[in-house]
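Peer 1: Have a look at this one.
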Amino acid sequence: MMKNPADEAGSAAPAVPRRVEVAGLSEMSPAYFGMTMATGIVSLAAHVMHMPGVAKALFLLNGVVYVVLWALTLLRIVRYPRRVFEDLIDHLRGPGFFTTVAGTSVLGSQFVLLAGQYRIATVLWAGAVLLWIGLTYSIFTGFTIKENKPPLQQGISGGWLLAVVATQSIAVLGALLAARLGQPGRLEMNFLVLSMWLWGGMLYIWMMSLIFYRYVFFQFSPADLSPPYWINMGAMAISTLAGSLLLLNSRDAPFLLSLQPFIKGFTIFYWATGTWWIPMLLILVIWRHGYRRFPLTYDPLYWGAVFPWACIRSARTR
C-alpha cells in the first residue's frame, strides 16, 4: 500500500508547541510592581521640583511598564495558578503582591498631578482599594491558618512593610482626589483617607516591632539583609506624605480641623522615624557589601530602594 506523501510530510514535521512560554514567568517575583512605584514617585518628585519634561517622560514610561506588568501577571495567574497561590501564602514572597496596590495608586497620583485626568485616577483608586481588600485579608488569613509556618527569623523581612506602603498610597491618592471633589463626597473621602492613614500607622507599629526584634535578637548574616529593608524607611516616607496631604485638606473637613494637632504630631513622628532609618540603612549597606563582600546582584526588590528617597522629597515639598 502506497503512503500518502502529505502524511509522510506531516509525520516528519516537528511538533508545534501549543503555547509560547515566557522565560522565567513561573518564577516572576510578585514584587515587580515596585518598578511602577519607583518610576511613578520619581516622576512626581520631578514634578514638584519643577522639572516637567522629566516628570512627563517618566509618566509615559510608567504607563507602559504598568500595562506590561499586568499582562505578565495575568498570564502567570492563568498558566501557573498553583505557583501564584503558593507565593500568596509564602511569608517572604506574599507581601510582594502589595506592590500592585501601591503601583496602581502611584500611577493614579500621576494622572491627577501631571494630566488632570480625575476620572482615570478615580478608577485606579477604586481598583487599588479592591486589590488592597482582597490581598490584605487573603495574605494575612493565609499566614494565620497555614499549618507549616517558618520561624520568625526566616519568615519576616522589610518586605512585610509593603502592606503599609500600599495602605498609605491609597490614602495619598484619595487625599488628592478629595481636594477636587464637591461636598458631601469630599467629607466621606477625607474620612476614608484618614482611616487608611491610621491603618497604615497601626500596621507599621505591629510589623516594625517584629522586624526590629528579629534584627537585634537573632543571628544576622549579609544574606538576611535582603533588598526590602529599604521599605523600613519607605513606609515612613509615604506615611509622612499622606499626613501632609491630610493637613492640606483639613480646611474642607471640620473633623480634620479638630484632629490637626494629632495629625501634625504623627506626621512629624513618621518623618523623624524615616529620617532615623537613613544612616542606619547606609551603615548596613556598607557592612553588607563593603565589609562582608556580599555580591551585589540584580533583584526586583531593589526598586524599593528608589521609592523612599523620592517620596520623602515629595513630602518635604508640601
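Peer 1: Per residue, how much accessible surface does the range 65-133 expose to a 1.4 Å probe? Answer in Å², no decimals.
Peer 2: 45 Å²
Peer 1: Could you work out what % of the accessible surface of the chain is carbon and sulfur, using a 1.4 angstrom probe and leaving DNA, RNA and ligands out of the count?
Peer 2: Whole-percent figure for carbon plus sulfur exposure: 69.
Peer 1: Express in nm, to one decimal, how much length is gained between residue 217 and residue 72 on full extension, taking 0.36 nm for each residue of separation and deducting their alpha carbon distance.
Peer 2: Here the answer is 48.3 nm.
Peer 1: Assign unit charges at the C-beta atoms only (+1 for Lys and Arg, -1 for Asp and Glu), then state the dipole size of the chain relative to its Cα centre in Debye, rounded to the nearest 20.
Peer 2: On the way: 23 positive and 12 negative charges, 95 e Å.
For this selection, approximately 460 debye.
Peer 1: Rg and Dmax of the range 22-150, using alpha carbons, in Å: what are they?
Peer 2: Radius of gyration, then largest Cα-Cα span, for the range 22-150: 16.1, 53 Å.
Peer 1: Next question. Please give the peptides 272-285, 82-95 ranked by average Cβ packing (other Cβ atoms within 10 Å per residue), highest first, as a rough proxy for protection.
Peer 2: In decreasing order of mean packing, 272-285, 82-95 become 82-95, 272-285.
Peer 1: Further question: State, as an integer percentage, the relative contact order of the range 57-174 based on alpha-carbon contacts under 8 Å between residues 6 or more apart.
Peer 2: Once divided by the residue count of the range 57-174, the mean separation gives 36 percent.
Peer 1: Can you give me the span-like helices of the chain, meaning DSSP H runs with 15 Å or more of Cα extent along the axis and Kyte-Doolittle mean at or above -0.5?
Peer 2: For the chain, where a helix must reach 15 Å along its axis and average at least -0.5, the hits are 34-48, 52-79, 98-110, 118-145, 162-178, 185-217, 231-249, 260-285, 303-317.
Peer 1: Which residue fluctuates most in the GNM of the chain (Cα springs below 10 Å): 57, 305, 38?
Peer 2: Comparing 57, 305, 38 in the GNM, the peak value goes to 57.
Peer 1: Same structure, new question: What three numbers, in Å, describe the spread of the alpha carbons of the chain along their principal axes, ordered from the longest?
Peer 2: Per principal axis, max minus min of the Cα coordinates gives 95, 51, 42 Å.
Peer 1: Hey, what's the Cα Rg ratio for the range 164-259 versus the globular rule of thumb, 2.2 N^0.38 Å?
Peer 2: 1.32
Peer 1: Hey, another quick one. Just to be sure I understand the model, the point goes 7 Å from the Cα along the line to the Cβ. What's the resulting residue 294 to residue 152 distance in nm?
Peer 2: Label-label distance for residue 294 and residue 152, simple model: 2.0 nm.
Peer 1: I've got another one for you. Give me the accessible area per residue for the range 198-254, probe 1.4 Å, as a whole number in Å². Present the calculation step by step, with values, prior to reporting the outcome.
Peer 2: On the way: 2250 Å² over 57 residues.
That works out to 39 Å² per residue.
Peer 1: For the range 111-165, report the translational diffusion coefficient in µm²/s to the nearest whole number, using Stokes-Einstein at 20 °C, 1.002 mPa s, and a Kirkwood Rh over Cα pairs.
Peer 2: Estimated via Stokes-Einstein, D reaches 156 µm²/s.
Peer 1: Work out Dmax and Rg for the range 83-226 from the C-alpha atoms and quote the Rg first, both in angstrom.
Peer 2: Values for the range 83-226 (Cα only, Rg and Dmax): 17.1, 55 Å.
Peer 1: Could you tell me which of rounded, prolate or oblate describes the range 163-220, using a ≥ b ≥ c as the square roots of the eigenvalues of the alpha-carbon gyration tensor, with rounded for a/c under 1.5 and, failing that, prolate when a/b is larger than b/c and oblate otherwise? It would help to have the intermediate numbers written out before the result.
Peer 2: Values: a/c = 7.29, a/b = 3.80, b/c = 1.92.
It comes out prolate by the Cα gyration axes.
Peer 1: Hey, quick one: spin label on residue 191, modelled 7 Å out along Cα-Cβ, who in the range 231-253 has an amide N within reach, i.e. under 13 Å?
Peer 2: It comes to 253, nothing else.
Peer 1: In nm, what is the difference between 0.36 nm times the number of residues separating residue 27 and residue 202 and their Cα-Cα distance?
Peer 2: Between residue 27 and residue 202, full extension yields an extra 59.8 nm.
Peer 1: While we're here: Can you tell me which of 129, 54, 306 moves the most in a GNM of the chain? Springs connect C-alpha atoms under 10 Å apart.
Peer 2: Largest GNM mean-square fluctuation: 54.
Peer 1: Accessible area of residue 180, 1.4 Å probe, to the nearest 10 Å²?
Peer 2: Probe radius 1.4 Å; accessible area of residue 180 about 110 Å².
Peer 1: Now, a different point. Give me the number: length gained by fully extending residue 252 to residue 117, i.e. 0.36 nm times residue separation minus the C-alpha to C-alpha distance, one decimal in nm. Write down the numbers at each step before the final one.
Peer 2: Numbers: separation 135, 0.36 × 135 = 48.60 nm, distance 2.18 nm.
Extra length from residue 252 to residue 117 when fully extended: 46.4 nm.
Peer 1: Please report, to two decimal places, log10 I(q)/I(0) for the range 49-104 at q = 0.22, 0.25, 0.29 Å⁻¹ as given by the Debye formula with identical point scatterers on the Cα atoms and no solvent.
Peer 2: -0.89, -1.02, -1.15
The values are calculated or read from the model by the stated rules, or taken from the named source; none is laboratory data. No experiment lies behind these values; they were computed from the predicted model shown. Because the Cβ atoms are built from the backbone with ideal geometry, glycine has one as well, and the counts that use them run over all protein chains shown. In case anyone asks, the SASA skips ligands and DNA or RNA and just uses the protein heavy atoms, side chains included. Shrake-Rupley method; radii C 1.70, N 1.55, O 1.52, S 1.80 Å.
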